[in-house]
Amino acid sequence: MKNLFLSAALVLAFAANAVTVNQIRTSANTTVNYQEKEYKVIEQGDIAPAVLKSAVDKYAGYALVNAYVAQDGTDYKFVLTKDGKDIAAYFKNSGEFIKEETA
């Protein structure tokens, strides 16, 4: 009988943990979806000087493939390449680095 109660307690503990993990994953997916923005292609000359300086400082040696600005103007996305590897780097319009991901 004790084993039955112990087994039931373990099942409940695992079930509670699974709910917590799923809630975290859902929250993370919601955050990612919130961060997705519409971007439009721009020329290098249209990049704000503060953003360009930050990008050049952080990614010295990379070549710019494409530059984009968010439709709302709040941030920039750059597709950069180095040694055959492409990355996407995101910066706020103030020049502050946001994130980097594979392109």
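The values are calculated or read from the model by the stated rules, or taken from the named source; none is laboratory data. Nothing here was measured: the structure is a model prediction, and the numbers come from that model. Every residue, glycine among them, receives a Cβ derived from its backbone with ideal geometry; neighbour counts consider all protein chains shown. Ligands, DNA and RNA are stripped out before the accessible areas are found, and what is left, the full protein with its side chains, is counted by its heavy atoms. Shrake-Rupley method; radii C 1.70, N 1.55, O 1.52, S 1.80 Å.
Would you check the accessible area of D57, probe 1.4 Å, heavy atoms only, in square angstrom rounded to 10?
100
Local charge sum around F78 (other residues, Cβ-Cβ under 11 Å, Lys/Arg +1, Asp/Glu -1)?
Residues near F78 contribute -1 overall.
Hey, can you find the accessible area per residue of region 37-103 for me, probe 1.4 Å, expressed in square angstrom?
Using a 1.4 Å probe on heavy atoms only, each residue of region 37-103 averages 62 Å².
How big is the antiparallel share of DSSP beta bridges in region 54-97, given as a percent to the nearest 5?
Antiparallel bridges make up about 100 percent of those DSSP assigns within region 54-97.
To the nearest 10 square angstrom, what accessible area does D46 show with a 1.4 Å probe?
Using a 1.4 Å probe on the heavy atoms, I get roughly 100 Å².
Within the set K53/K85; K37/K92; K37/K58; K37/K82; K77/K99, which residue pairs have Cα atoms separated by over 20 Å?
Beyond 20 Å between Cα atoms: K53/K85; K37/K58; K37/K82.
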